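Right, one structure below, let's go through it.
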């Protein structure tokens, strides 16, 4: 984490109003924007939001042992009589500038990861692989926005050699800002999907937003992208830029691709050519889309980390994936695929493909909830997923008002008794009971707002029982 004196912090923030001499030599160890998790010795940075003002919690920060605070100049009553205070024009801009300045002082190579789907799994896989050779840190949880990326950078240890930084967005300009702050040595774009259609209106604008990641690339940087994604390949295959391009995917048109692969309930195995022989690798994740994420990690590990396949194979064995993303668990003799962190049409199709692949002849049950942020196309896209589910699942339980369109479309080709729709989660769980079989494979997927992990929790607790 950042460890600096206030004099150094003031210089990094380009402040022109120094504190008194002794206060300037006060040291800070890390930063915090939340007094609930603040640790003694940290710099407290109060953020102002639409519904809150972090300045109101300064007393709590002081009581918890903050070493110093930043303070918006226009906010009255700075606690200068109790703690060193650095006054800034805007604390949000200040934490972003501080993160940029700190990143510039670090020796770590930064690899930025974005994409409509798969960026968190790609981040987890790449960090696990790089950790086999380097001191590696990664974005924790979903700290991937205008505050999360600065906090991630400021959490990096001085001795960190590789940092894998996830970047998300909800509109144009956001990833460009994050890339400028992080100054990545390499950037990965996993794919262009339907997420954020409601905000941006079209896949072309989503593509534009994701490709902002190149704006902060260091000179001679590396752009790795999914060459099987039609929008990415159309935009980038012939594009010239001040960066090197590398493609990954599942087909031979890419620079990095698997020679063969197999999907199992326990994970995915695939073969790569190291020039002399074939190496078989395994990842603790299921699905073709997870294999695409793994190929992104392989490409980055080779090109940025100069790692051989032996070390990459060992690295995959230490990968820990963030929960609720294609998390396969065994409950009794049933298999449950928990993919409840988010959902959009492309990721829903990928999860349904995974359900069909790992279930084989076993009963396949899809519990699908509303997909958020799809704009004017929401109804049509839910119908599209309903029809897709009818081809890959034996039963569909649809949850939420938008998912009524799923059930309607699935009902065209599925038996009526195999398609259920509910807007009450308790009733949804209750109606799941007569459908469950001991050997069933159950996919549970929806946007985060639907909280369908409660269905998984109910199954894990033995409620209901088939």
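Does any residue of segment 367-383 turn out to be over 21 Å from residue 197 (Cβ atoms) and either over 23 Å from the mean Cα position of the chain (by Cα) or buried (at least 18 other Cβ atoms within 10 Å of the Cβ) (or both)?
yes
Do we have residue 21 as at pLDDT 95 or above and surrounded by fewer than 18 Cβ atoms within 10 Å (Cβ to Cβ) here?
Judged against the criteria, residue 21 is not a match.
Kindly indicate which of 193, 148 is free of Cβ contacts under 8 Å to residues at least 60 places away in the same chain, under 29 Å from residue 287 (Cα atoms) and outside the structural domain of residue 67 (by TED's automatic domain parsing).
148
Here is a yes/no grid of residues against (1) more than 16 Å from the chain's Cα centre (by Cα); (2) under 19 Å from residue 295 (Cα atoms):
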| site | (1), (2) |
| --- | --- |
| 152 | no, no |
| 160 | yes, no |
| 169 | no, no |
| 187 | no, yes |
| 191 | no, yes |
| 203 | yes, no |
| 222 | yes, yes |
| 234 | yes, no |
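Of 83, 188, 140, which residue is under 30 Å from residue 345 (Cβ atoms) and surrounded by fewer than 24 Cβ atoms within 10 Å (Cβ to Cβ)?
Residue meeting the stated conditions: 140.
Scan segment 9-16 and tell me whether some residue there is more than 22 Å from residue 157 (Cα to Cα) and without any contact (Cβ under 8 Å) to a residue 60 or more places away in the chain.
yes
Looking at residue 386 and the list (1) surrounded by fewer than 24 Cβ atoms within 10 Å (Cβ to Cβ); (2) within 15 Å of residue 346 (Cα to Cα), which single condition is not satisfied?
(1)
Identify the single condition in (1) in a helix (DSSP H, G or I); (2) in contact with a strand residue (DSSP E or B) (Cβ under 8 Å, 6 or more places away or on another chain) that residue 59 does not satisfy, given that it satisfies every other one.
(2)
When residues of segment 328-366 are filtered for being under 23 Å from the mean Cα position of the chain (by Cα) and under 18 Å from residue 292 (Cβ atoms), how many remain?
Here the count works out to 18.
Return yes when residue 281 is over 19 Å from the mean Cα position of the chain (by Cα), modelled with pLDDT of 95 or more and in the same structural domain as residue 164 (by TED's automatic domain parsing) and no when it is not. Outline the logic, then answer.
Numbers: over 19 Å from the mean Cα position of the chain (by Cα): yes; modelled with pLDDT of 95 or more: yes; in the same structural domain as residue 164 (by TED's automatic domain parsing): yes.
Yes: the conditions hold for residue 281.
Is one or more of the residues making up segment 371-389 part of a loop (DSSP other than H, G, I, E, B), within 24 Å of residue 433 (Cα to Cα) and touching a strand residue (DSSP E or B) at 6+ places or on another chain (Cβ under 7 Å)?
Within segment 371-389, none of the residues are part of a loop (DSSP other than H, G, I, E, B), within 24 Å of residue 433 (Cα to Cα) and touching a strand residue (DSSP E or B) at 6+ places or on another chain (Cβ under 7 Å).
Residue 86 - would you say it is in a strand (DSSP E or B) and touching a helix residue (DSSP H, G or I) at 6+ places or on another chain (Cβ under 7 Å)?
The answer is yes for residue 86.
Test residue 107 against the criterion of being surrounded by fewer than 16 Cβ atoms within 10 Å (Cβ to Cβ), at pLDDT 95 or above, under 31 Å from the mean Cα position of the chain (by Cα) and not in a strand (DSSP E or B), and give yes or no.
Taking the combined requirement at face value, the residue satisfies it.
The values are calculated or read from the model by the stated rules, or taken from the named source; none is laboratory data. The shown structure was predicted, so the numbers you read here are calculated from the model rather than taken from an experiment. Note: ideal-geometry Cβ built from the backbone for every residue, glycine included; neighbour counts use all protein chains shown.
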